[in-house]
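This report concerns only the one structure given below.
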Amino acid sequence: MKTPTEHERWMLAAVREAERAFKEGEVPVGCIITCNGELIAKGHNQIERLQDPTAHAEMIAITAAADHLGSRRLENCTLYVTMEPCPMCAGAIVLARIPVVVFGTFDPKAGACGSLFNILEDRRLNHRAHVIPGVLDDRSREMLRQFFVEQGKREAGRKRNGQKGDS
């Protein structure tokens, strides 16, 4: 068995956050932020629980990291997230000046770090981040697949019972 890299070790902490989201019925995305090799913030999707479309794992972790550091600038930080950030989260990463972003699986439907857009490396912006994709990709992708399979079964059960699903 190979020894995990530093990025893999930190990504495992993000995966644990994604597992929390899964258990709470949220899309399983988890995020952690490190600063100078220390874990300073974590978050997982809480969109359904908070009924807040901005309650993405990255947004929650960025807010916690800024609070922890007492600064909106997270210049010595690395953000680890299990799924490629969306445009909203990528914009927040740029505004927070996070220099390194490590993510697990690509998001072909909403990804803003290479899939649909590449906000974090766009030279027209005043800040760019170094992006490291694909760390523990299989683990993140499988958790998302399993979540959506289970969600589909729940939706089918609601339809059989004549209940409306969430829209």
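The values are calculated or read from the model by the stated rules, or taken from the named source; none is laboratory data. Here the structure is a predicted model, which is why all the values come from computation and not from measurement. No Cβ is skipped: glycine too gets one built from the backbone with ideal geometry, and neighbour counts run over all protein chains shown. With ligands, DNA and RNA removed, areas are computed over all heavy atoms of the protein, side chains included. Shrake-Rupley method; radii C 1.70, N 1.55, O 1.52, S 1.80 Å.
For first residues located in the range 2-24 and of a type in the set (Ser, Thr, Tyr), partners that are assigned to a loop (DSSP other than H, G, I, E, B) and open to solvent by 50 Å² or more (accessible area, probe 1.4 Å) and lie 6+ apart or on another chain with Cβ distances below 8 Å do not occur.
Looking at Ala55, Ala41, just one residue is open to solvent by less than 10 Å² (accessible area, probe 1.4 Å), out of contact with any strand residue (DSSP E or B) (no Cβ under 8 Å at 6 or more places or on another chain), of a type outside the set (Ser, Thr, Tyr) and not in a helix (DSSP H, G or I), and that residue is Ala55.
Among the residues of the range 67-80, is there at least one that is within 10 Å of the chain's Cα centre (by Cα) and either among the aliphatic types (A, V, I, L, M) or not in a loop (DSSP other than H, G, I, E, B) (or both)? Yes, there is a match, as at least one residue in the range 67-80 is within 10 Å of the chain's Cα centre (by Cα) and either among the aliphatic types (A, V, I, L, M) or not in a loop (DSSP other than H, G, I, E, B) (or both).
When Arg9, Arg72, Arg16 are screened for being under 21 Å from Asp137 (Cα atoms), surrounded by fewer than 16 Cβ atoms within 10 Å (Cβ to Cβ) and in contact with a Lys or Arg (Cβ under 9 Å, 6 or more places away or on another chain), only Arg16 passes.
Taking the criterion of being under 13 Å from Val81 (Cα atoms) and either open to solvent by 60 Å² or more (accessible area, probe 1.4 Å) or touching a Cys at 6+ places or on another chain (Cβ under 6 Å) (or both), the residues of the range 19-38 that qualify are Glu19, Ile33.
Of a type in the set (Lys, Arg), out of contact with any Ser or Thr (no Cβ under 7 Å at 6 or more places or on another chain) and touching a residue at least 12 places away in the same chain (Cβ under 8 Å): is that true of Arg124 in this structure? The answer is no for Arg124. For the range 128-143, a tally of residues being in a helix (DSSP H, G or I) and farther than 22 Å from Pro87 by Cβ returns 4. Being within 19 Å of Gly43 (Cα to Cα), among the small types (Gly, Ala, Ser) and surrounded by fewer than 19 Cβ atoms within 10 Å (Cβ to Cβ) holds for only one residue in Gly134, Gly111, Gly91, and it is Gly91.
Scanning the range 42-69 for residues that are closer than 16 Å to Val15 by Cβ and small (Gly, Ala, Ser) returns Gly43, Ala57, Ala61.
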